[in-house]
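Read through the structure below, which is laid out as structure tokens, and then see the notes.
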Amino acid sequence: MKAIRGVLLTCDSAVKQILLTMNEKQSFIIEDLDDFHVVIKADEEYRVRRELEAELEKNTYSLE
Amino acid sequence: MAGPSIRIKPAGEPSKSTNISGEDSSHRLVAFLQSQSQNTLTRLYQKPSSCLSIFRLLRPLERQLVMNLLWLEMPVPASTMAAWVTREGKRPYHDALATLARLHILPQSPVKHALNPTFKSSMRQAITGGGSSGSFGVLSENDDKHPPPDIEALDAYALERWETILYYMVSSGTGQFPARPSQGVLYLLQRSRLMANVHGNTLQITSAGFQFLLHPPHEQLWELLLQYLQMAEERQMDLVEVLSFLLMLSTTELGKDYSMENLSATQKAMLEDLRDYGLIKQRTATSRRFSPTRLATTLTSSSPPLPTSTGTGNGSQAQGFIVLETNYRLYAYTDNPLQIAVLNLFVTLKSRFPNLVVGQITRESVKKALTNGITADQVISYLITHAHPQMRKNKPLLPVTVQDQIRLWELEKNRVKSQEGYLYTAFASQADYEYVLNYAKQLDVVLWENASRRCFFGSVEGHANIRGFIERRSAAGNA
């Protein structure tokens with residue numbers, strides 16, 4: 001038995017696919033659990049959230 | 001295992017109303033009183049004015065129960081009273097009894113019901129008058145040299161004080177430097193965590209502060225006063241005296257001068273704080289009399305605590321000033337800097353006219369509000385409370401598209417949820433896995449599990465316990 005420290009991300013499947021692509025560039029996923037859950041390294045959480053935000057932002061259209 | 005699902009409230013339904021007569025929730029002060037000791041409350045009930053004010057804050061059913069029992073000399077058998085209640089009324093009835101018991105107004109008893117004798121005699125006195133306790137405040141002698149201030153001056157004063165506080169909050173950290181409220185107010189804002197000290201000594205509004213700004217004035221006022229009550233004990237002030245003074249103020253009459261003669265030392269000290277909040281006005285700091293403002297006299301009533309806002313004075317602000325269209329455009333008929341600053345929290349303002357501000361609710365503006373800690377529901381309820389009378393013809397009041405979109409923007413922000421913890425894997429056997437998992441479930445720390453992969457994710461709080469559990473078990477196994 002072993003215990004691995006990490007952060008459990010709960011997300012929708014679209015976000016998960018983006019996370020998987022991001023992981024190929026720079027690895028941060030510890031364990032891919034299922035369609036809605038992944039465990040990532042705790043100290044990478046801030047960076048991952050920021051990059052994910054930037055990625056999602058590309059998909060929105062703004063009037064301004 | 002269910003994935004994250006998207007749930008949107010039906011837009012037509014107004015979100016939880018937070019007005020004073022809200023049927024489903026008690027007043028904030030009532031909740032606070034319930035946490036006080038019987039001794040404190042009984043001392044408080046010695047004042048007729050306190051009893052009357054608390055009575056006014058109770059919910060309708062609770063008020064009816066009190067009124068029914070008030071004039072009875074003998075206790076009523078519980079069975080007799082229960083016979084008044086219809087079957088549907090059972091739950092509200094028991095809720096009301098429980099609230100009154102926690103307030104020690106109607107001590108809990110399975111056999112018979114009778115009001116707390118102190119409360120009963122004070123409440124009777126409040127209704128019938130009589131007694132010379134001066135519990136409702138003592139009017140000061142007429143003085144031709146200094147007539148009491150007129151109501152307009154009092155309103156202007158209260159409004160100026162109150163808006164100074166709110167405007168200071170809303171413009172902190174924007175580079176503007178509006179008038180600072182007094183040191184006491186700043187301390188109170190900091191203690192209530194509405195503002196926090198960031199780098200050095202500049203106060204900055206917190207996310208709780210942003211939410212505070214969108215509340216109706218009555219609630220804002222009580223939020224600060226409850227904080228004040230909590231501080232009172234630290235300052236060695238007698239809670240009962242502080243409370244009974246506030247409740248007395250709520251029964252005073254607007255536009256009258258009251259004498260300080262029979263106030264206790266604590267209450268005299270309070271005058272200075274209350275002056276800063278705009279609850280009372282004194283001609284000079286050393287004056288021997290004070291006049292309550294509308295903020296004080298409406299503390300326990302349902303009439304609005306603030307008169308019409310400054311500026312145009314056309315009275316429309318009292319009912320609302322915001323027109324919101326289906327194309328996300330927003331027109332606000334106001335020239336009040338506070339209201340404009342509050343709108344600026346979640347609206348992109350485009351143009352400004354002498355009595356009108358035009359803006360647009362955009363994804364960016366709502367996102368900014370969300371990162372400040374304001375929720376979509378708060379934005380929507382602010383828009384509903386301040387909607388222009390013209391908007392009230394619409395049903396539902398706000399365009400459904402806009403409401404839904406604001407909620408969707410909020411969901412978009414929460415697409416990823418993160419929880420720290422430990423992933424437990426590589427169990428030797430299925431039995432081993434289930435044994436540890438069961439233990440973790442008893443602790444209620446399991447966030448995710450998968451039996452076929454024999455692993456589960458537990459929150460960080462449970463880790464020490466689970467580790468101890470496994471160590472104890474393997475030690476026992478080896479022995």
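FYI, it's all coordinate maths here, none of it is from the lab. Being a predicted model, the structure only gives us computed values, none of them experimental. Backbone-built Cβ (ideal geometry, glycine too); neighbour counts: all protein chains shown.
In what order do B:F321, B:F212, B:F353 fall by count of nearby beta-carbon atoms within 10 Å, going from fewest to most?
B:F353, B:F212, B:F321
Return one quarter of the surface area of the convex hull spanned by the alpha-carbon atoms of the range B:317-413, equal to its mean projected area, in nm².
So the mean shadow area of the Cα hull is 5.6 nm².
Using only Cα atoms, tell me the angle between helix B:151-170 and the longest principal axis of chain B; keep it within 0 to 90° and round to the nearest 10.
Computed tilt is about 20 degrees.
With n ≥ 4 as the cut-off for DSSP H runs, can you work out [θ] at 222 nm for chain B, using -39500 (n - 2.57) per run divided by the number of residues, rounded to the nearest 500?
About -14000 deg cm²/dmol.
On a 0 to 90 degree scale, rounded to 10, what angle separates helix B:376-385 from the longest Cα axis of chain B?
Around 30 degrees separate the two axes.
List the residues whose amide H sits under 5 Å from the amide H of B:Y258, counting only those 5 or more places along or on another chain, with H placed 1.01 Å from N in the peptide plane.
Excluding prolines and chain starts, which carry no amide H, the hits are B:S140, B:F290, B:S291.
Counting every Cα pair in the range B:352-479, what percent are over 19 Å apart?
Every Cα pair in the range B:352-479 considered, those over 19 Å come to 66 percent.
Taking neighbour counts of Cβ atoms within 10 Å as a proxy for exposure, in what order, fewest first, do B:V111, B:V436 appear?
B:V111, B:V436
Report, in degrees rounded to the nearest 10, the 0 to 90 angle that the Cα long axis of helix B:60-70 makes with the longest principal axis of chain B.
60 degrees
From zero outward in steps of 10 Å, how is the percent of C-alpha pairs of chain A spread across the bins?
Per 10 Å bin, starting at zero, the Cα-Cα P(r) for chain A comes out as 20, 53, 20, 6, 1, 0 percent.
In whole Hz and in residue order, list the ³J(HN,Hα) couplings for the range B:284-291 that follow from phi through the Karplus curve 6.51 cos²θ - 1.76 cosθ + 1.60, θ = phi - 60°; x for Gly and Pro.
Once rounded to whole Hz, the list reads 9, 4, 9, 4, 9, 9, 9, 10.
Which semi-axes, in whole Å and largest first, does the equivalent ellipsoid of the range B:168-299 have when worked out from the alpha carbon gyration tensor as the square roots of 5 times its eigenvalues?
28, 16, 15
How far is the Cα center of the range A:1-45 from the Cα center of the range B:364-428, in Å?
Cα centroid of the range A:1-45 versus Cα centroid of the range B:364-428: 26 Å apart.
Please enumerate, by chain and number, the lysines with C-alpha under 16 Å from the C-alpha of B:K281, excluding those fewer than 8 residues away in the same chain.
Output for B:K281: B:K256, B:K268.
Set the bar at 24 Å for Cα to Cα. Now go through B:K417/B:K441; B:K47/B:K112; A:K2/B:K441; B:K395/B:K417; B:K47/B:K90 and name every pair that lies beyond it.
In this structure, B:K47/B:K112; B:K395/B:K417; B:K47/B:K90 exceed 24 Å between Cα atoms.
Subtracting the Cα-Cα distance from 0.36 nm times the residue separation, let me have the gained length for B:I151 to B:Q442 in nm, one decimal.
Here the answer is 98.5 nm.
Rg and Dmax of the protein assembly as shown over Cα atoms: what are they, in angstrom?
28.9, 96
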